[in-house]
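Encoded as structure tokens, the structure appears first; notes follow it.
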Amino acid sequence: MLRHPRLGAAAAAFLAIAIGATTSGGAAPPATAGGTLTGCGGKSLEEYGVPRDVYGTWMGRSSWENLEKGHWMMMEESGVPRWRREHGDRALDVGVPLIPTDSGANHDDLLREAASGRRDATYRSLGGSLARYGTKTVYARLWWEFNMPPARQDPGLFVAAWRRAVPLIREGFLAAAGPGQTLQVVWCANADAPDPEPFYPGDDQVDLVGLDVYGWVWGDSDPTPARVVERVLRGRFSLDWTAKFAADHGKPTCLGEWGNVVRKGAKHDDGHGAGDCPEYIDAVYDWAAACPTGCRYVCYFNVADGGVGQTLDQTPRSLARLKARASAARPKHAP
């Protein structure tokens, strides 16, 4: 997205089918055959009468301690503890830092530190935190939006650090997880350039291919709904690219963040949305239904923050469309 906070709220729901704690290296993850789960960050979809099927949130990323201790997830303000208490059988989508990108340190230096093995204990502890604070199914979007401009980190170092970290995160998760608890690692790019493909760490260390894609077009004026849909579907490294890339690698997809963006008028060089754009809602659900490898979930960013500028409260036509499409797309097994 354009910018976003590290705290979010949203919701998720489905039963794990594995017996015993698993990661991608164990039993198959919960299936969503014949449908797509819907969740959100920010104001709960349940307040609009829409089932909350994924709870979206983010971890702190200012220090290695944030990673080690799972900062934000244990805090009541994050909403995660309450979600776990009330909906422990449902799912959690977490933006998980690979390195503390907000620490002010050079990203390549941090990646070298991770790849060298000096932070192995941190990643094991991080995996344990995802299990202790997570729900039945945890989707970890590791360094979500890693290719957001300017994306100065070296792709080779990124891949090396990812491949070092993920087995350790899985190990820590398995050690702390309860029966049936499942971890899924999501490689989640940001729509548009730079090209995310050089950052792909390999099929053995990725469970889902995700994307964050907002209903906006960069420029100096507001776009038409048709222009938004064209960019979201067929823009560079956007939805159509994601579906093909995921199919080529045999991975299901997900949308970690998506949402309509406010109209901004004659504002120079910014992300302009179409405001209340139900056509964008339809485009996302149509795409999810057509994904060759399936789309597990779509998590709406229902926060007027980071350039988004509005929530579903201000977009009644889009809300009505989302209600209908989320209900129709919801898998029959969802609680």
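The values are calculated or read from the model by the stated rules, or taken from the named source; none is laboratory data. Computed from a predicted structure; not experimentally measured. Note that we place each Cβ from the backbone using ideal geometry, even for glycine, and neighbour counts take in every protein chain shown.
Tabulated results
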| read-out | value |
| --- | --- |
| Residue satisfying condition, being closer than 26 Å to Arg330 by Cα and in contact with a helix residue (DSSP H, G or I) (Cβ under 6 Å, 6 or more places away or on another chain), within set Ala131, Ala161, Ala115, Ala177 | Ala131 |
| The stretch 59-118, residues that are touching a residue at least 40 places away in the same chain (Cβ under 8 Å) and on the phi > 0 side of the Ramachandran plot | Gly70, Trp72, Gly79, Gly117 |
| Hits in the stretch 151-165 - residues which are within 20 Å of the chain's Cα centre (by Cα) and modelled with pLDDT under 95 | Ala151 |
| Hits in the stretch 266-309 (condition: at positive phi and modelled with pLDDT of 95 or more) | Gly275, Gly294, Gly309 |
| The stretch 302-335, residues that are in a loop (DSSP other than H, G, I, E, B) and touching an Asp or Glu at 6+ places or on another chain (Cβ under 8 Å) | Gly307, Thr315, Arg330, Ala334, Pro335 |
| Of residues in the stretch 293-315 being within 13 Å of Leu45 (Cα to Cα) and not hydroxyl-bearing (Ser, Thr, Tyr), the one farthest from the chain's Cα centre (by Cα) | Asp313 |
| All positions within the stretch 84-104 that are among the basic types (Lys, Arg) and surrounded by fewer than 24 Cβ atoms within 10 Å (Cβ to Cβ) | Arg84, Arg85 |
| Pick from the stretch 34-91, criterion among the hydroxyl-bearing types (Ser, Thr, Tyr) and within 24 Å of Ile169 (Cβ to Cβ), ranking: farthest from the chain's Cα centre (by Cα) | Ser63 |
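Matching residues to (1) at pLDDT 95 or above; (2) buried (at least 19 other Cβ atoms within 10 Å of the Cβ); (3) of a type in the set (D, E, K, R):
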{"position": "Glu47", "(1), (2), (3)": "yes, no, yes"}
{"position": "Ser62", "(1), (2), (3)": "yes, no, no"}
{"position": "Glu77", "(1), (2), (3)": "no, no, yes"}
{"position": "Asn106", "(1), (2), (3)": "yes, no, no"}
{"position": "Ala115", "(1), (2), (3)": "yes, yes, no"}
{"position": "Asn147", "(1), (2), (3)": "yes, yes, no"}
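Yes or no, residue by residue, for (1) free of Cβ contacts under 8 Å to residues at least 60 places away in the same chain; (2) more than 21 Å from Gly39 (Cβ to Cβ):
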{"residue": "Ala189", "(1), (2)": "yes, no"}
{"residue": "Glu197", "(1), (2)": "yes, yes"}
{"residue": "Leu208", "(1), (2)": "no, no"}
{"residue": "Leu211", "(1), (2)": "yes, no"}
{"residue": "Gly219", "(1), (2)": "yes, yes"}
{"residue": "Arg227", "(1), (2)": "yes, yes"}
{"residue": "His272", "(1), (2)": "yes, yes"}
{"residue": "Asp282", "(1), (2)": "yes, no"}
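Quick grid of which residues meet (1) under 30 Å from Gly156 (Cβ atoms); (2) buried (at least 16 other Cβ atoms within 10 Å of the Cβ); (3) over 19 Å from the mean Cα position of the chain (by Cα):
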position: Gln205; (1), (2), (3): yes, yes, no
position: Asp212; (1), (2), (3): yes, yes, no
position: Val217; (1), (2), (3): no, yes, yes
position: Ala243; (1), (2), (3): yes, yes, no
position: Lys251; (1), (2), (3): yes, yes, no
position: Glu257; (1), (2), (3): yes, yes, no
position: Lys267; (1), (2), (3): no, no, yes
position: Gly275; (1), (2), (3): no, yes, yes
position: Cys291; (1), (2), (3): yes, yes, no
